[in-house]
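Engineer: I'd like to ask some things about the structure below.
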Amino acid sequence: MRRVILLLALLGLLAGCGGGDALTVAGQWARNSPMAVDSGAVYMNLTSADGDRLLSASVDPSVASTVQVHETTPVDGETNEAGTAMMTMRPVDFIDLPAGEAVSLEPGGYHIMLIGLAEPLVVGEKFVITLRFENYGEKSVEVEVMEDAPK
């Protein structure tokens, strides 16, 4: 009996020392927007211990009227005057989060698009974004508006 109690206590201790939350969101930020622009972007790092998918995101209507998960990709064979590849953004149905791997939402790649901003995004302001995952469910995080990515 003593061994059973010791084993249960050990299992409880190990469970408490696990990786913590099955899903982590880190480094979230939004780029400030010029006054004449009515859209913005949110970036962050997502890690799922068990694997998951980011399906969608939402914000209060006082921030933006529409939120979409986007990907920036090069346009095949098209370049600008400087010879740099032309890029395009498009909505995606989901972003895969392989188990244990950090997935970066960053400029030039995956990001969350805020469309129909109620007001320009101003450096120092904060707002809450709610992320919806296939397995994890919903997770709300605070996003700070910055000029550049946090270091």
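Engineer: Condition (residue is in contact with an Asp or Glu (Cβ under 8 Å, 6 or more places away or on another chain), assigned to a loop (DSSP other than H, G, I, E, B) and of a type in the set (Gly, Ala, Ser)) applied to region 109-119: is it met by at least one residue?
Structural biologist: Yes, some residue in region 109-119 is in contact with an Asp or Glu (Cβ under 8 Å, 6 or more places away or on another chain), assigned to a loop (DSSP other than H, G, I, E, B) and of a type in the set (Gly, Ala, Ser).
Engineer: Scan (1) within 14 Å of Asn45 (Cα to Cα); (2) more than 12 Å from the chain's Cα centre (by Cα) for the single condition His111 breaks and write down its number.
Structural biologist: (2)
Engineer: So which residues in region 41-51 are part of a strand (DSSP E or B) and either among the hydrophobic types (A, V, I, L, M, F, W, C) or at pLDDT below 95 (or both), if there are any at all?
Structural biologist: Selection gives Ala41, Val42, Met44, Leu46.
Engineer: Name every residue in region 122-151 that is under 14 Å from the mean Cα position of the chain (by Cα), farther than 16 Å from Asp93 by Cα and of a type in the set (D, E, K, R), in order of residue number.
Structural biologist: Hits for region 122-151 are Glu138, Lys139, Glu142, Glu144.
Engineer: Just name the residue that is farthest from Ser140 (Cα to Cα) out of those in region 42-83 that are touching a Gly at 6+ places or on another chain (Cβ under 9 Å) and among the charged types (D, E, K, R).
Structural biologist: Glu71
Engineer: Given (1) surrounded by 11 or more Cβ atoms within 10 Å (Cβ to Cβ); (2) modelled with pLDDT under 95; (3) over 23 Å from Pro150 (Cα atoms), where does Leu10 come up short, assuming only one miss?
Structural biologist: (1)
Engineer: Among the residues in region 76-96, are any under 12 Å from the mean Cα position of the chain (by Cα), surrounded by 11 or more Cβ atoms within 10 Å (Cβ to Cβ) and part of a strand (DSSP E or B)?
Structural biologist: Yes, the conditions are met somewhere in region 76-96.
The values are calculated or read from the model by the stated rules, or taken from the named source; none is laboratory data. Computed from a predicted structure; not experimentally measured. All Cβ positions, glycine included, derive from the backbone under ideal geometry; neighbour counts span all protein chains shown.
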